[in-house]
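The values are calculated or read from the model by the stated rules, or taken from the named source; none is laboratory data. Keep in mind the model is a prediction, meaning the values are calculated, not measured. Neighbour counts are summed over all protein chains in view; Cβ atoms, including those assigned to glycine, are modelled from backbone coordinates with ideal geometry.
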Amino acid sequence: MSDGYSSPRSRGQTMELREYWSIIRRHWWLPAAITLVALIASTVVGVRGASAYKTDMRLAVSTIPTPDPNSVLYYDPTYYSNLDSEYLADDMSEFMTSRAFADEVKRELATSSTPYDVDIETIMNATRAKKTHRFIDITITTPTFDEGERLAGSVSRILNDKAHLAQYLQALTAYNTQMTIVTPPVTHRANTPLGLISEIALRTLIGLIVGIGVAFLVDYVDPSVRTRQEAEAVLQMPVLGEIPRPRSRRGAAA
């Protein structure tokens with residue numbers, strides 16, 4: 001008895017799916033247009049981003065323990081040294097993205113053996129610093145390989161200069177502190193071809209989902225009545241007859 005039988009619930013779900021599909025077919029141009037715009041925009045942005053370069057380097061911040069002869073008990077100089085290093089790394093990561101540090105990099109590049117002129121805003125926008133415990137990860141994003149190498153080299157020289165370092169640390173009221181370049185600057189492309197394709201595909205998929213959502217929204221606010229079911233829902237009464245749509249010329253000729 002179960003052959004050819006479908007429950008009312010399954011029939012209702014089938015009707016809902018058909019209604020959803022009819023909405024998408026009726027407003028197909030919205031998902032298509034938004035998906036196309038997302039594809040073009042993500043491709044343009046991705047191709048421009050793929051031509052950029054990133055220079056990564058890592059610094060380690062450490063303070064030299066200073067034993068306190070007046071505190072014999074309950075004092076661990078190593079523990080407090082590590083704790084001070086973490087606080088200092090947090091402060092230095094913020095300072096390295098400041099305008100003052102960018103101005104120092106600009107002056108250092110202008111007076112180097114191979115002078116190089118760059119705007120302070122460019123340095124600030126290109127430099128990012130992230131603190132992880134006692135380490136500072138610096139990422140410099142530039143449009144060319146040479147500019148990334150120059151900026152990273154200037155940052156390295158400034159931090160290796162004890163006079164410059166002492167000036168910064170004095171402003172942060174830190175003493176007996178040293179900064180070591182753990183990972184030298186390494187420059188590479190900002191995005192790989194596989195990552196670029198994945199990024200474009202993801203943004204295009206998001207555009208398609210947004211387009212479908214907009215299509216449903218437009219259909220929801222549209223007051224037009226198109227089907228018998230919609231008429232019955234609006235009028236709250238059964239529809240006795242339905243005038244079929246006229247056939248197209250192509251359908252009539254067939």
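Yes/no matrix, rows are residues, columns are (1) at negative phi; (2) buried (at least 20 other Cβ atoms within 10 Å of the Cβ):
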position: 94; (1), (2): yes, no
position: 100; (1), (2): yes, no
position: 115; (1), (2): yes, no
position: 124; (1), (2): yes, no
position: 133; (1), (2): no, no
position: 140; (1), (2): yes, yes
position: 148; (1), (2): yes, yes
position: 152; (1), (2): yes, yes
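Of all residues in region 14-27, how many are surrounded by 13 or more Cβ atoms within 10 Å (Cβ to Cβ), under 35 Å from the mean Cα position of the chain (by Cα) and not basic (Lys, Arg)?
Selection size over region 14-27: 4.
State whether the residues of region 124-132 include one that is over 16 Å from residue 158 (Cα atoms) and of a type in the set (S, T, N, Q).
yes
What about residue 221, is it among the aliphatic types (A, V, I, L, M), modelled with pLDDT of 75 or more and under 33 Å from the mean Cα position of the chain (by Cα)?
Here the answer is no, as residue 221 does not meet what is asked.
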